[in-house]
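Reviewing the structure listed below.
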């Protein structure tokens, strides 16, 4: 089995786990900010324990650490907006909107990494937006959930591209460790400034603690590290495009778990099929263009 195929399989497994994240967010009774605060604390501790037993150095230059810490703050805001969107709309609406991450990434990656724009990435991103339009033209009652989820999707594209720039230089577990710590500290300052601590942090119930541990260890520490690690082989765009399967997995699971509250209009399911078609068309286009490039090179040699 090739490294490329292994990393695609690993990524799809992670995406399945991420699809369950929104469901956990719905099951946990805490508000979005406090939920992410606990999530990042648990993930930070779990990653710290892992690094300690692996005897992995976390010493980088101050500039590198500051850059990684900055991305951690973006991750924190992404998760807060994501879970808030789940709370004020539902799992299906939030996960459907997250597919727009592909379009944001197709624009952000060339700007940040200074590579050329690839025309079919923008086209696929646009097709996904068409799917989103069909999904939400009859679901406007969730307008604030849609807006919040789209902000979360933009931030997801941004931190994915920025993490891609760290991969060749730094250990992915250390990257995750610093980013979880940064997000936790950032949210702590936010709670101090807004008086969240003086009002009292909501205490999780026993059931909340169970889901928070799953969220922090499995859906965050493990999933986050592997998703960064696969970018050693896969491009940021390929990662985000595969993550577009998250709505499919999550919507199906949510429908079986929450039943009627996740039942959507026909337009929603047609739009979802369009998004799914765009996701699967990407590797086919890549294969076709690579084959064409080989043929052109062979013709060049013959001439």
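The values are calculated or read from the model by the stated rules, or taken from the named source; none is laboratory data. Note that this is a predicted model, so its numbers are computed, not measured. All Cβ positions, glycine included, derive from the backbone under ideal geometry; neighbour counts span all protein chains shown.
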Checklist entry - Looking at the stretch 155-162, is at least one residue within 16 Å of residue 84 (Cα to Cα), modelled with pLDDT of 90 or more and either over 16 Å from the mean Cα position of the chain (by Cα) or surrounded by 15 or more Cβ atoms within 10 Å (Cβ to Cβ) (or both)? => result yes
Checklist entry - Are any of the residues in the stretch 107-114 within 23 Å of residue 24 (Cβ to Cβ), touching a residue at least 60 places away in the same chain (Cβ under 8 Å) and surrounded by 16 or more Cβ atoms within 10 Å (Cβ to Cβ)? => result no
Item to check | Which listed residue is outside any helix (DSSP H, G or I) and either at pLDDT 95 or above or in contact with a helix residue (DSSP H, G or I) (Cβ under 9 Å, 6 or more places away or on another chain) (or both), from 169, 143 | outcome: 169
Next on the checklist: I'd like to check something: does the stretch 27-36 contain any residue that is within 17 Å of the chain's Cα centre (by Cα), surrounded by fewer than 23 Cβ atoms within 10 Å (Cβ to Cβ) and farther than 30 Å from residue 168 by Cα?
Outcome noted: yes
Next on the checklist: Condition first: in contact (Cβ under 8 Å) with a residue 24 or more places away in the chain, closer than 13 Å to residue 41 by Cα and surrounded by fewer than 17 Cβ atoms within 10 Å (Cβ to Cβ). Now tell me which residues in the stretch 191-213 satisfy that.
Outcome noted: 213
Next on the checklist: Going through 43, 32 one at a time, which residue ends up being out of contact with any strand residue (DSSP E or B) (no Cβ under 6 Å at 6 or more places or on another chain) and in contact (Cβ under 8 Å) with a residue 60 or more places away in the chain?
Outcome noted: 43
Checklist outcome for this item: Among helices (runs of 4 or more DSSP H) entirely inside the stretch 175-258, those with 2 or more residues being in contact with a helix residue (DSSP H, G or I) (Cβ under 6 Å, 6 or more places away or on another chain) and modelled with pLDDT under 90 are 223-229, 236-243, 245-258
Checklist entry - Taking the stretch 105-128 as the search range and keeping residues that are closer than 25 Å to residue 265 by Cβ and in contact with a helix residue (DSSP H, G or I) (Cβ under 6 Å, 6 or more places away or on another chain), which one is modelled with the highest pLDDT? => result 127
